[in-house]
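Right, one structure below, let's go through it.
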Amino acid sequence: MTRGALRLGERLRLAPLYPGAVRLLLAAGLGAASVLGFAPFYLYPVPVLTLAALAWMWRKSSSAGQSMLIGLAFGAGYFYSGASWVYVSMHDFGGMAWPVAGFATWFFCTYLALFPAVVGWLFGWSRAPDWARLLLLFPAAWAVAEWMRGWLFTGFPWLAVGYSQSPLGPLSGYAPVLGAYGVSLLTAVSAGLLCLALRVHRGSEPPARAPRAPKWPALAGVVALWLLGWGLQLVQWTAPSGPPVSVSLVQGNIKQDMKWRPEWLQRSLETYLGLTLIARGTLILLPETAVPLFSADVPAGYLDALARHARERGGDLLLGIPEYIAGKPPRYYNSIISLGTAPTQTYRKYHLVPFGDYFPQWGFLTWIMNALEIPMSDFSRGDPVQRPLDAAGQRVAANICYEDVFGEEIIRQLPRATLLANFTNDAWWGESIASMQHLQIAQMRSQETGRYMLRATNTGVTAIIDQRGRVARAAPQFVAYVLEGAAQGYTGRTPFIFWGNWPFLALSLVGLAVALAWRSPRA
């Protein structure tokens, strides 16, 4: 056999696996375009269209290997465009050298891209007919992959496609029932229906006589799904409790690269005290680690001055501050404490961020921690279930920074809590779009629970979000500011508060089981 014949044979064997550079670039472009569905753009139809195009490309693939590579390319475009802001955290503020930070960002985003790749492989491997792959396998596998991404290695559910539908998309009406992952499931169902509407016969009949599959039932399915979601948005899942409470959300705008420097300590303390003393609310919130000292080391009288102002307003102040608890071994907590008319209470962060809040014992990644310069990065974990904080006549379900990304954990304080409050320091992300994406995640939490969410941040986005996920008031970013407004407490429970992610998981696993068990030749 000649060398030319051998080369030709190798090419023929590789052809079913390699989808072609043009298709890979197109898939990556679709992934990048999907980010337009998220904040700050809020173009919620875009992910539905890009997922429909991705499903169409998978249908045209000739093997599971091709579908996997297309999914990997889509995921790369999706996460390199939407989550590469982690580079800012590692390099600009974490002190990591740019080549190392660049490699770590590539590694992280590539890991995330593996999840769409696995969905693509399953799509190509399944022998179910097209309608089952598009309406059962694809939506269920996509949503389950996002759910798994939300807990594997402590979880990174950022950019779950369901968030793109909040708060304006009709599909977000399903959030109080099925949660964010359930909205992801229905977003993918919508995409599958659109793709099914483009389906043409692929049998043995000549093209001229091949009947086209009817489009209108699939398009009617999309319309019905979206109309029902819009109707669910009109349902009053929870009820107001008492009069609205006046709130003041304090944004200190302390630069992240200065926040922990000893020479800036006094300025940070003065900034937050000065802003607090002009706050007019009954409930005053200061962000995560607003005081960059352990509570035992705060200068005498400082906390008393904050508490005195809260009492003068007839209410309470909630403050982000690190805690030191003596013992063997000693413990450190990223905490929220209450000061004012109510007895002092504490919330301690439970869901810690690897390499940010603590040093995980993952030997193959220890080099990352050694390359970072992150102060107070060895916090202890708070209790998984904590009581809401009684403050200013409300019961406040506190969560710190990244914790509001985990909806199934937020509902642990419900239905007892009447308000949600997120205390965060998004300065780690600089001027990237991450802060707006984080705001949209908080909007989804409000929709899931039927409660106001108060966001107190260091540099923004500080905001008051109503029970429907709409931003009632917001402070400008990157300025020192006191956001004044009112928040209405709510009682009752949405279906999601009652059953969490179980219905979404049940629906998804049934869909997966049916589609993957199918062994008949595809139509």
(request) Only helices (runs of 4 or more DSSP H) wholly contained in region 420-523 count here; list those with 3 or more residues that are more than 27 Å from T346 (Cβ to Cβ) and at pLDDT below 95. (result) 502-517
(request) Give the residues of region 220-243 that are among the hydroxyl-bearing types (S, T, Y) and either surrounded by fewer than 18 Cβ atoms within 10 Å (Cβ to Cβ) or in a strand (DSSP E or B) (or both), sorted by residue number. (result) S241
(message) Give me the residue from region 308-337 that is of a type in the set (A, V, I, L, M) and surrounded by fewer than 19 Cβ atoms within 10 Å (Cβ to Cβ) and, out of that set, nearest to E403 (Cα to Cα).
(response) I325
(request) Keeping to region 31-51, report how many residues are surrounded by fewer than 24 Cβ atoms within 10 Å (Cβ to Cβ) and not β-branched (V, I, T). (result) 11
(message) If I filter region 103-133 down to residues being more than 20 Å from T154 (Cβ to Cβ), surrounded by fewer than 16 Cβ atoms within 10 Å (Cβ to Cβ) and under 25 Å from the mean Cα position of the chain (by Cα), which single residue comes out as modelled with the highest pLDDT?
(response) W106
(request) Identify the single condition in (1) under 24 Å from F379 (Cα atoms); (2) under 14 Å from the mean Cα position of the chain (by Cα); (3) in a helix (DSSP H, G or I) that R412 does not satisfy, given that it satisfies every other one. (result) (2)
(message) Given the criteria crowded, with 24+ Cβ neighbours inside 10 Å, at pLDDT below 90 and within 22 Å of V88 (Cα to Cα), does W367 qualify?
(response) no
(message) Based on this model, can you work out whether V471 counts as surrounded by fewer than 21 Cβ atoms within 10 Å (Cβ to Cβ), under 25 Å from R395 (Cβ atoms) and under 18 Å from the mean Cα position of the chain (by Cα)?
(response) yes
(message) Quick test for you: out of S268, S241, S295, S246, pick the one residue that is at pLDDT below 90 and among the polar types (S, T, N, Q).
(response) S295
(request) List the helices (runs of 4 or more DSSP H) that sit entirely inside region 1-102 and contain at least 2 residues that are under 27 Å from G169 (Cβ atoms), of a type outside the set (A, V, I, L, M) and modelled with pLDDT of 90 or more. (result) 21-34, 45-60, 64-82
(message) Checking the structure you have, find out if any residue of region 481-495 is in contact with a Ser or Thr (Cβ under 7 Å, 6 or more places away or on another chain), buried (at least 24 other Cβ atoms within 10 Å of the Cβ) and of a type in the set (D, E, K, R).
(response) no
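The values are calculated or read from the model by the stated rules, or taken from the named source; none is laboratory data. Source: prediction; values computed, not measured. Ideal geometry is used to build each Cβ from the backbone, glycine not excepted, and the neighbour counts take in all protein chains shown.
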